[in-house]
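The structure under discussion appears below in the form of C-alpha cells.
The values are calculated or read from the model by the stated rules, or taken from the named source; none is laboratory data. Because the structure is a prediction, the values reported are computed rather than measured. For neighbour counting, all protein chains shown are included, and Cβ atoms are generated from backbone atoms with ideal geometry for every residue, glycine included.
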Amino acid sequence: MSTDLKESALWLYDQGYVPTDVCDIFGISRSSLSRWQRNIGDYSTVVAPTNYLQGRPCRLDNAMTLDLLSLVEESPELFLDKIQEWLAIVHDAPISLSALHDNIRWFAAAERDDEQRAAWRAHMQANFVASQVVTVDESSKDDWTIFQRYGRSSSGHRATIDAPFVRGQQWSLVAALGVDGYIAAHAVPGSVDGGEFLDFILEEVVSLWCCNC
C-alpha cells in the first residue's frame, strides 16, 4: 500500500473513526494500522526506515570464510560433511550442510570469469577432438544413499519410509570416462583424498591410456 493511503487511514482514525471501519474501508488488518501508528510515534512517518542489519546473521565471519575458501581450493575432493566437521573443530562454527553448500556455491559464482570460460571452450574446440577428452569424477554411497529424503502422504498422515537408521560403511568411487566407455574405475572405503586421487590418475588412467595409444 502506498504511503499516502496509509496516512489517509491514520487520518480517519485520528478523526474518530472506529478502527474496524477504517480497516474495512482500506482492506487492511488491525495490526497494520497499529504498526503505522507506532511508526509515526517512533520515526514521524508511517514507513519505518530500512534496517540494513535485518535478517539472520552470517554463520561465518571473514576469517572463517577465507579459511574455508583456502581449504576448498587445496582439497576440492572433500565432502561437505568433512568440511562441516572441520569448521566445527577448527573454528567452533557449527553450520548446516545446506548453508555450507550455499557458501561454496557463492565462492564458485563470484570467481567465475565468463570470458575465460569462453576462451577455454574455443581453445578446446580448435585443438582437441572428442577421442582425446577424458572426464574424471567421484561419487560416494552409503546405506542411506538410495533412499529418498522427501515423500508425500495423505493429509493428516506422516510420510514414512522403511530405511536403515544408520549410514553404515561409506564407499567412494572415482572413475574415468572416454567416448568409448569407462577407462578405469577405483572404489575405496571412506573418502578419496588428494594423494589417492593422484595415484588413480597416474597409475590407472594415464598408464592405461598410454598403453592404448
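Any residue at all in the stretch 62-78 that is outside the structural domain of Glu138 (by TED's automatic domain parsing) and in contact with a strand residue (DSSP E or B) (Cβ under 7 Å, 6 or more places away or on another chain)?
There is at least one residue in the stretch 62-78 that is outside the structural domain of Glu138 (by TED's automatic domain parsing) and in contact with a strand residue (DSSP E or B) (Cβ under 7 Å, 6 or more places away or on another chain).
Please verify whether the stretch 117-125 includes one or more residues that are of a type in the set (S, T, N, Q) and assigned to a loop (DSSP other than H, G, I, E, B).
No.
Output the number of the condition that Asn39 fails; it satisfies all remaining conditions of (1) more than 30 Å from Trp106 (Cα to Cα); (2) at pLDDT below 85.
(2)
When you check Trp86 against the structure, is it in a helix (DSSP H, G or I) and surrounded by 15 or more Cβ atoms within 10 Å (Cβ to Cβ), yes or no?
It is true that Trp86 is in a helix (DSSP H, G or I) and surrounded by 15 or more Cβ atoms within 10 Å (Cβ to Cβ).
Name the residues in the stretch 1-48 that are aliphatic (A, V, I, L, M) and touching a Pro at 6+ places or on another chain (Cβ under 7 Å), would you?
Leu33
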